[in-house]
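What follows is a short report on a single structure.
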Amino acid sequence: MMAKHFTAKEIEGLNPMLVERLDWAREQSGVPFTITSGYRPGDPKAHGKGLAVDIRCSQSMPRFRMIQALQNVGFRRIGVYNLHVHADVAEEPDFPQDVMWWGESD
Ligand SMILES: [Zn+2]
């Protein structure tokens, strides 16, 4: 799988549709997207299915642009944390759509 804006290591084990959307969002946003956590084997949630990423983000302006771009390309599940933004493409019924939550990065 090829990605324009991400290294092979960053996208290892990730769903291709997820990676494609991330490339579009990165392009639109004009701010760097560094994936700090992607596929996590054994994780019971979206990361364990290769359907989620955490993107490094701790500043207001890039956070605004990143979230705006993620929503523009169709992400419907976004988590806003102090040091990263989580985005995933997991689906109903297990994963509700049109949700945005907040939390503290590990
Ligand atoms: Zn996450």
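The values are calculated or read from the model by the stated rules, or taken from the named source; none is laboratory data. In this text the structure is predicted, and so the values were computed from the model without any measurement. Every residue, glycine among them, receives a Cβ derived from its backbone with ideal geometry; neighbour counts consider all protein chains shown. Heavy atoms of the whole protein, side chains included, go into the accessibility calculation; ligands, DNA and RNA do not. Shrake-Rupley method; radii C 1.70, N 1.55, O 1.52, S 1.80 Å.
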Complete set of residues in segment 84-97 that are touching a strand residue (DSSP E or B) at 6+ places or on another chain (Cβ under 7 Å) and touching a residue at least 24 places away in the same chain (Cβ under 8 Å): His84, Val85, His86, Ala87, Asp88, Ala90, Phe95
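Evaluate the following for Ile11: is it of a type in the set (Val, Ile, Thr), open to solvent by less than 20 Å² (accessible area, probe 1.4 Å) and away from the ligand (no atom under 14 Å from the Cβ)? Let's see the steps before the verdict.
Working: of a type in the set (Val, Ile, Thr): yes; open to solvent by less than 20 Å² (accessible area, probe 1.4 Å): yes; away from the ligand (no atom under 14 Å from the Cβ): yes.
When the stated conditions are applied, Ile11 passes them.
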Pairs with Cβ under 9 Å, 6+ apart, first in segment 9-23 and farther than 12 Å from Phe33 by Cβ, second at pLDDT 95 or above and assigned to a helix (DSSP H, G or I): Leu14/Leu22; Asn15/Lys49; Leu18/Ile11
Selected residue (criterion: surrounded by the most Cβ atoms within 10 Å (Cβ to Cβ)) from residues of segment 21-53 that are part of a helix (DSSP H, G or I) and within 16 Å of the ligand (Cβ to nearest atom): Leu22
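Within 11 Å of the ligand (Cβ to nearest atom) and buried (at least 17 other Cβ atoms within 10 Å of the Cβ) - does that describe any residue in segment 63-77? Quick ask: steps written out before the conclusion?
Going through segment 63-77, the residues within 11 Å of the ligand (Cβ to nearest atom) turn out to be 77.
Applying the additional criterion that residues be buried (at least 17 other Cβ atoms within 10 Å of the Cβ) yields 77.
Within segment 63-77 (the criterion being within 11 Å of the ligand (Cβ to nearest atom) and buried (at least 17 other Cβ atoms within 10 Å of the Cβ)), the answer is yes, since at least one residue qualifies.
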